[in-house]
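The structure appears right after this line, and notes come after that.
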Amino acid sequence: MSRDTWIVERQTVLKSETEYEDIISKHTGKEHHSKLDILTDQLNGLKDVGFKDVDCFYKYGIFAMYGGRK
């Protein structure tokens, strides 16, 4: 399955009116990748979407491994 076919299929299944190409182009710029998220924001994001036992398992400088159970 081609990438374009998959995108159209996902838009149909999810009944999304958002154009994925617009989202992708918005998140591929250099500025997007130069902003680091705060770890607590990432952990809270996991909790917000239903993960349990969310925690940071390892952190070294700006690198972290975190997760939770769904």
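The values are calculated or read from the model by the stated rules, or taken from the named source; none is laboratory data. On a predicted model such as this, the values are computed, not experimentally measured, just so you know. All Cβ positions, even for glycine, are placed from backbone atoms using ideal geometry, and neighbour counts span all protein chains on display.
Tabulated values for the structure
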quantity: Residue list for region 2-27, restricted to those being at pLDDT 70 or above, assigned to a loop (DSSP other than H, G, I, E, B) and not small (G, A, S); calculated: L14, K15, E17, T18, E19
quantity: Flag for G68 being of a type in the set (G, A, S) and either in contact with a strand residue (DSSP E or B) (Cβ under 6 Å, 6 or more places away or on another chain) or in a loop (DSSP other than H, G, I, E, B) (or both); calculated: yes
quantity: Close pairs (6 angstrom Cβ cut-off, 6 or more residues apart or separate chains): closer than 13 Å to Q42 by Cα in region 52-67, charged (D, E, K, R) anywhere; calculated: V54/K47
